1. Please state, rounded to one decimal and in Å, the Kirkwood hydrodynamic radius that the stretch 177-306 gives when every pair of distinct Cα atoms enters the mean of 1/r.
2. P(r) for the stretch 69-182: what percent of alpha-carbon pairs falls in each 5 Å bin, starting at zero?
3. Using only the Cα atoms of the chain, each taken as one equal point scatterer with no solvent, compute I(q) by the Debye sum, divide by I(0), and report log10 of the ratio at q = 0.06, 0.12, 0.14 Å⁻¹.
4. Cα gyration tensor of the stretch 265-358, axes a ≥ b ≥ c as square roots of the eigenvalues: rounded (a/c below 1.5), prolate (a/b > b/c) or oblate?
5. Averaged over every viewing direction, what's the projected area of the C-alpha convex hull for the stretch 23-120? Give it in nm², one decimal, please.
6. Ranking request for peptides 170-181, 259-270, 110-121, 238-249: highest mean number of other beta-carbon atoms within 10 Å first, then the rest in descending order.
7. Positive end of the dipole of the stretch 127-257, charges at C-beta (+1 Lys, Arg; -1 Asp, Glu), about the Cα centre: which of Phe192, Ile152, Ala257 has its Cα farthest in that direction?
8. Shape call for the stretch 113-243 from the C-alpha gyration tensor, a ≥ b ≥ c root eigenvalues: rounded (a/c under 1.5), prolate (a/b greater than b/c) or oblate?
Amino acid sequence: MTIHDNERPDNERQIETGCAIVGAGPGGLMLGFILARAGVDVTVLEKHGDFLRDFRGDTIHPSTLNVMKELDLLDEVLKLPHTQAPRLHAEIGGKDITIADFSRLPAACRFIAFMPQWEFLDFLAREASRYPNFRLVMNATVEDVIEDKGRIAGVRASTAEGPLAVRAPLTIGADGRNSIVREKAGLEVESFGKPSEVLWMKLSHQPDDPPYVMGHGGPRQGFIMVDRGDYWQCGYVVRKDTFAEIKARGLDAFRDAVAAVSPLPAERMQEVQAWDDVHLLSVRIDRLKRWWRPGLLCIGDAAHAMSPIGGFGVNLAVQDAVAAANILGPPLRSRKLADRHLAAVEARRRFPTRATQKLQLMMRSDRRKREDDGRKRSGPPAFMRGIARWPVLAHLAGRLIGLGFRPEHVRLPAPRHRHMPGR
């Protein structure tokens, strides 16, 4: 039940801010940074105590690297540990096929950067903290929204210091695909396609391994591998709710199944020594019917959960953040925020979201249709077969993946005179 403004615990601490952002992921921190840079008072709430978690989306696309350049942060972010992929690969019919080529992009960086998400988030948090009007509260678990006369007026959270209320004219839900903000605000979700799951694991990287940085393998492109330097991050795609069955068949059977679609030597799977080495990620594609209500806007996965296909999630969240900052920054600074501004953000980002989700569904629809018909797949999805037949399509795929359907640019200027500690 939504907690109304006139209800508060006696020991509740209070924070008044210009914009309350729930979730310190790529979208939340990017929006917080740009707004703080422009002079808006920002408070970001993060339920964890740090950003150090495995198997989070960490593909940073050229569109996001363009944003970093526009913020004068590109040189610094590229000093962080990362690997660069100028192309993405797939194994089709025993051959290595380029499925996305970024070499011709009109971009500052013609590659995808694979960077541990905690490194990227730590960097954004450090840069944002240079502004005195930016506040990041860690270990703050948001439990509900505050409603006042039909408007969302902030959120309530539990912290190690006790209950906390953050009140603001605008609350941003950037708390991921399982967003508590969108749930408590009563925003309605639409789902598309069939959900699936990815079983992630780490395998060692050896000198004779395939030379690409990211690739897909197997007859259904159901095996994903990302070069992390001294190890491979590997993902095995399975139907939803089948992990229990897989575990029941035993670890040896699982190793054999993965080895059958992996381009790595079969003995490498012996490095998976227990089920604790396998991490389950549920995959679904959904989006809100409406991203906002008075006083509240959702962005990133909280507004539209993506499949891992193409690594779009992080980058769409960043693009949402840039668009939201451009549109909402001026009325937040002038204290003239209106519902039309929230609707304008959704209108701006609706098309790229729908187009990207349509592309993801197309990339998997051929396989899903045949599975539904009970027929065995004889090869990879039609999308990848087309690229294998006409290699020029790899450049088109590179543009769609690398830049997206509507890349955003930072248009909210920083104040000419501002206090910011030196680097």
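1. In the stretch 177-306 this quantity evaluates to 16.7 Å.
2. 2, 8, 12, 14, 14, 12, 11, 10, 8, 5, 3, 1, 0
3. -0.26, -1.00, -1.29
4. Prolate shape, in that a/c is at least 1.5 and a/b is the bigger ratio.
5. With every direction weighted equally, the projected area is 8.0 nm².
6. Descending packing order for the listed peptides: 170-181, 110-121, 259-270, 238-249.
7. Positive-most Cα among the choices belongs to Ile152.
8. oblate
The values are calculated or read from the model by the stated rules, or taken from the named source; none is laboratory data. These figures come from a predicted structure and were not determined experimentally. Don't worry about glycine lacking a Cβ; one is built from the backbone with ideal geometry, like all the others, and counts go over all protein chains shown. Calculation scope for accessible area: heavy atoms of the full protein, side chains included, ligands and nucleic acids excluded. Shrake-Rupley method; radii C 1.70, N 1.55, O 1.52, S 1.80 Å.
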